[in-house]
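Only one structure is covered here, and it is reproduced in the block below.
Bear in mind that the values in this text are calculations on the coordinates, not laboratory data. As the structure is a computational prediction, the values presented were derived from the model and not from experiment. Here Cβ is always computed from backbone atoms with ideal geometry, including for glycine, and neighbour counts include all displayed protein chains.
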Amino acid sequence: QVELVESGGCLVQPGGSLRLSCTASGSIFSIRTMGWYRQAPGKQRELVAQIQRVGRKDYADSVKGRFAISRNSDMTTVYLQMNSLKPEDTAVYYCSAFDYRDGNLGWGQGTQVTVSS
């Protein structure tokens, strides 16, 4: 298993930027993919962006061109740079990790992002 801790969430105005961080510990060697998910009140959790150890990145259509996911070289930290934030980006953002069989290795506790004037 992997322990994940997110940070960086806060209140930001529409059009603003924010960077989230997720730090992983534990069985790091087993991680192939790390992803950012979000869950808004009354909605299902959805994938925002994910990155593989080999560098492949995927984004939800709603954030393409605004958000960027990146990682450090040993896959212990993943970042989500969020630009041009909109009120509909308001949600709790979670980090998760998956192994080479796409099995889930764990979830972070979540960090709240609120976009409001």
Within segment 7-106, trypsin sites (Lys or Arg not before Pro) in DSSP loop having at most 11 other beta-carbon neighbours inside 10 Å:
K43, R56, K64, R101
In whole angstrom, how far apart do the alpha carbon centroids of segment 12-33 and segment 63-117 sit?
5
